[in-house]
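Just below is one structure, and these are the notes that go with it.
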């Protein structure tokens, strides 16, 4: 009886191992994973580019506001000095 159960267990293990993916399926899965990673990195690059553009726009607006404030302060100081 033990021999029969042992034989059935070994046969069951071999049948489970045989059910794994074939080489073609493994290659296809690896290719799909590589494509998904490439797509993800492209999306990240686009997001980074957008963030850099947004930061540059904000920086330019801040510089412009600072220059305007400096010009106004200079004009006010000049007017006060003239009085």
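Bear in mind these aren't lab numbers, they're just calculated from the coordinates by the rules spelled out. This one's a predicted model, so the numbers in the text were calculated from it and none came from an experiment.
Between the Cα long axis of helix 2-18 and the first principal axis of the chain there is an angle of about 40°, rounded to the nearest 10. Here the Kirkwood formula, the inverse mean of 1/r across different C-alpha pairs, assigns segment 23-82 a hydrodynamic radius of 15.9 Å. Helix 23-82 axis versus longest C-alpha principal axis of the chain: approximately 10°, rounded to the nearest ten.
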